[in-house]
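Here the structure comes first, spelled out in structure tokens, and everything after it is commentary.
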Amino acid sequence: MVLNRGLFITFEGIDGSGKTLQLELLTANLEKAGLKYLLIREPGGTSISEQIRKILLDRKNIEMSAETELLLFAAARAQLVKQIVKPALAEKTIVISDRFFDSTTAYQGYGREMNVNFIQNLNDFAIQGLSPDLTFYFDVSVETALGRLKDRTEKSDRIDLESQNFMERTRSGYLKIAERNPDRVRVIDAERDPEEIFKDLKLQFDKILNLVK
Ligand code: TYD
């Protein structure tokens, strides 16, 4: 099926929010429906952005300053937008991104307590006029997220090692972003069972899909 135009959807949430499982469920669904989609993740998605990702997440880089971290996330995004996202949307593809600019506002702005207005300007510069059509924010308490992270087998990255207070600030940052962007951001209660969350997600996703068909 070919859409009238591309669609840009982003998934957001603190680490341990369960968004990755929901992404897998949604893309499996799109495949079944024969829809052309592209799944990307941030930071990453291009060769340059994946190299920046390695620097950002490497646990050895404990000396990284908050300013460096912010600029690297923005740099990885600028490359991804220009090289991948814009061309894919021009071809009427559904682009789904595991994290996008709201992560920078929530983690660097609110989590690291840097200047949120400046970060929003930097985000605008990096995305070159592109904004998601819809953002799903998976909201969980920090306790739930930490419980889920404990069960993970893979090694935690540099940002996973942050304190519980950092996670609390990041979560409340996301809630503020959602409050300020009610048309774009859908808050999904991610404390529920994965099947129930997916039902909710699918319903909202289908609504926007019908608008562009
Ligand atoms: P990743 O392993 O992709 O985590 P997740 O599966 O939770 O998305 O690691 C990305 C980490 O980088 C995650 O802790 C969130 C953080 N991050 C920021 O701090 N700022 C950003 O702008 C982005 C995109 C991610």
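Evaluate the following for residue 41: is it farther than 16 Å from residue 108 by Cβ, within 16 Å of the ligand (Cβ to nearest atom) and touching a strand residue (DSSP E or B) at 6+ places or on another chain (Cβ under 6 Å)? Walk me through it before giving the result.
Details: farther than 16 Å from residue 108 by Cβ: yes; within 16 Å of the ligand (Cβ to nearest atom): yes; touching a strand residue (DSSP E or B) at 6+ places or on another chain (Cβ under 6 Å): yes.
Considered against the rule, which asks whether it is farther than 16 Å from residue 108 by Cβ, within 16 Å of the ligand (Cβ to nearest atom) and touching a strand residue (DSSP E or B) at 6+ places or on another chain (Cβ under 6 Å), residue 41 comes out as yes.
Consider segment 58-71 and keep the residues that are open to solvent by less than 40 Å² (accessible area, probe 1.4 Å) and part of a helix (DSSP H, G or I). The one that is farthest from residue 43 (Cα to Cα) is 66.
Of all residues in segment 167-213, those that are among the charged types (D, E, K, R) and either open to solvent by less than 60 Å² (accessible area, probe 1.4 Å) or assigned to a helix (DSSP H, G or I) (or both) total 14.
For (1) farther than 19 Å from residue 50 by Cα; (2) among the polar types (S, T, N, Q); (3) more than 11 Å from the ligand (Cβ to nearest atom); (4) not in a loop (DSSP other than H, G, I, E, B), each residue gets a yes or a no:
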{"position": "78", "(1), (2), (3), (4)": "no, no, yes, yes"}
{"position": "86", "(1), (2), (3), (4)": "no, no, yes, yes"}
{"position": "97", "(1), (2), (3), (4)": "no, yes, no, yes"}
{"position": "110", "(1), (2), (3), (4)": "yes, no, no, yes"}
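Across segment 60-76, the number of residues qualifying as in contact with a Leu (Cβ under 7 Å, 6 or more places away or on another chain) and more than 11 Å from the ligand (Cβ to nearest atom) comes to 0. Cβ separations smaller than 7 Å between residues 6+ apart or across chains give no pair from segment 133-156 residues that are touching a residue at least 60 places away in the same chain (Cβ under 8 Å) and on the phi < 0 side of the Ramachandran plot to residues that are open to solvent by 100 Å² or more (accessible area, probe 1.4 Å) and of a type in the set (Asp, Glu).
Can we say residue 171 is basic (Lys, Arg), farther than 30 Å from residue 83 by Cβ, within 13 Å of the ligand (Cβ to nearest atom) and in contact (Cβ under 8 Å) with a residue 12 or more places away in the chain? Show your work before the answer.
On the way: basic (Lys, Arg): yes; farther than 30 Å from residue 83 by Cβ: yes; within 13 Å of the ligand (Cβ to nearest atom): yes; in contact (Cβ under 8 Å) with a residue 12 or more places away in the chain: yes.
Against the criterion (basic (Lys, Arg), farther than 30 Å from residue 83 by Cβ, within 13 Å of the ligand (Cβ to nearest atom) and in contact (Cβ under 8 Å) with a residue 12 or more places away in the chain), residue 171 qualifies.
With the requirement that a residue be over 20 Å from residue 173 (Cα atoms) and touching a helix residue (DSSP H, G or I) at 6+ places or on another chain (Cβ under 8 Å), what does segment 84-125 give you? Within segment 84-125, 94, 95, 96, 125 qualify. Take the conditions (1) touching a residue at least 12 places away in the same chain (Cβ under 8 Å); (2) over 30 Å from residue 163 (Cα atoms); (3) open to solvent by less than 60 Å² (accessible area, probe 1.4 Å); residue 28 misses just one of them, which is (1). Against the conditions (1) outside any helix (DSSP H, G or I); (2) near the ligand (Cβ under 9 Å from one of its atoms), residue 131 satisfies every one except (2). Only residues that are crowded, with 17+ Cβ neighbours inside 10 Å and under 26 Å from residue 199 (Cα atoms): list them for segment 107-133, please. Of everything in segment 107-133, those that are crowded, with 17+ Cβ neighbours inside 10 Å and under 26 Å from residue 199 (Cα atoms) turn out to be 132, 133. Which members of segment 29-57 meet the condition of being part of a helix (DSSP H, G or I) and within 22 Å of residue 132 (Cβ to Cβ)? Hits for segment 29-57 are 29, 30, 31, 48, 49, 50, 52, 53, 56.
The values are calculated or read from the model by the stated rules, or taken from the named source; none is laboratory data. From a predicted model like this one, the values you see are computed outputs, not experimental measurements. No Cβ is skipped: glycine too gets one built from the backbone with ideal geometry, and neighbour counts run over all protein chains shown. All accessible areas refer to the heavy atoms of the entire protein, side chains included, with ligands and DNA or RNA removed. Shrake-Rupley method; radii C 1.70, N 1.55, O 1.52, S 1.80 Å.
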